[in-house]
Amino acid sequence: MTVRGSISEERKVEVLLEEYRVLYTLALFRLSALDRRVPLAVGALGAFLVAVAALPWTAQIVVLMVVPISLIWVVRTTISHARSFEDCLRRIEHIEQRTNAIAGEELLLFQSRHPSRGRTTGGRSGGETVAAVMLASGLTLAATGWLADLAFKDLAITPFLGYLAAIGAYLCWMYAMYRQYRYTPNPISRKGSLGEGDEHQGSKGRHSQIMGCAATGRSEALQRALSRVLRLAGRIPP
């Protein structure tokens, strides 16, 4: 059974600062991943525009079909990194506030007093990166529609434009969900080591054990009484 208050305030601060250090390492990883997203999206857009014109007609159709749906992966992973970065920042902010409360003065202030705190999911870096990736994705969809109009020739282009519109709508929906995201930690369950069901099972087990011992005692008493009767009857040696 865990005893509350079993560690000192100094030890609590040490644990919080260790988590603080690890979270900053994770935040740097998420930030570097976000920084690589914009060059990836812009480079992919440029390569797409250059490569499509040089491909044969059949390959052009395949590329025009595959590239738009691959944008979903780019946007989803970018938003995932931004949300994870937001989680790190909010937890770092909570550790700063908790440490300051234990110390009785304001020692750690960077995240809890940051100008962009609570304004954009993932801070300024996350918000700008997601917006830039969304812009590059929108330009890629527009370029795909324009190139498809040239490549499809006599084929019906309306279904393909509907395909692009559906992808664009899904990307906008993901962006809207990203803007609404807020860090909400899950509550910690603080149940005791022995719940009501466990207590019931434990009482049943103890009752079965007592009854078993009683039955064993009765059996041994009966055997001793039977032995005495048989000895008295002279049927078995003493």
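Bear in mind these aren't lab numbers, they're just calculated from the coordinates by the rules spelled out. Since the model is a prediction, treat every value here as computed from it, not as a measurement. Every residue, glycine among them, receives a Cβ derived from its backbone with ideal geometry; neighbour counts consider all protein chains shown.
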**OP:** May I ask which residue of THR99, SER70, GLY118 lies farthest towards the positive end of the charge dipole of segment 58-122, with charges of +1 (Lys, Arg) and -1 (Asp, Glu) on Cβ and the Cα centre as origin?
**Re:** SER70
**OP:** Could you compute the FRET efficiency for GLU18 and THR184, with r as their C-beta to C-beta distance and R0 at 25 Å, rounded to 0.05?
**Re:** 0.55
Original post:
For labels at LYS153 and TRP57 in the simple 7 Å Cα→Cβ model, what's the distance in nm?
Top reply: 0.2
**OP:** Enumerate the calculated ³J(HN,Hα) couplings along segment 33-48 in order (Karplus 6.51 cos²θ - 1.76 cosθ + 1.60, θ = phi - 60°), each rounded to whole Hz, writing x wherever the residue is Gly or Pro.
**Re:** 5, 5, 5, 7, 6, 5, x, 5, 5, 5, x, 5, 5, x, 5, 5
Original post:
How would you rank 77-84, 124-131, 174-181, highest first, on the average number of other Cβ atoms within 10 Å across their residues?
Top reply: 77-84, 124-131, 174-181
**OP:** Using Cα pairs closer than 8 Å and at least 6 residues apart in sequence, work out the relative contact order for segment 1-155, in percent.
**Re:** 34
Subject >> Cα-centre dipole for segment 24-89 with unit charges at Cβ (Lys and Arg positive, Asp and Glu negative), debye to 20 >> reply: 40
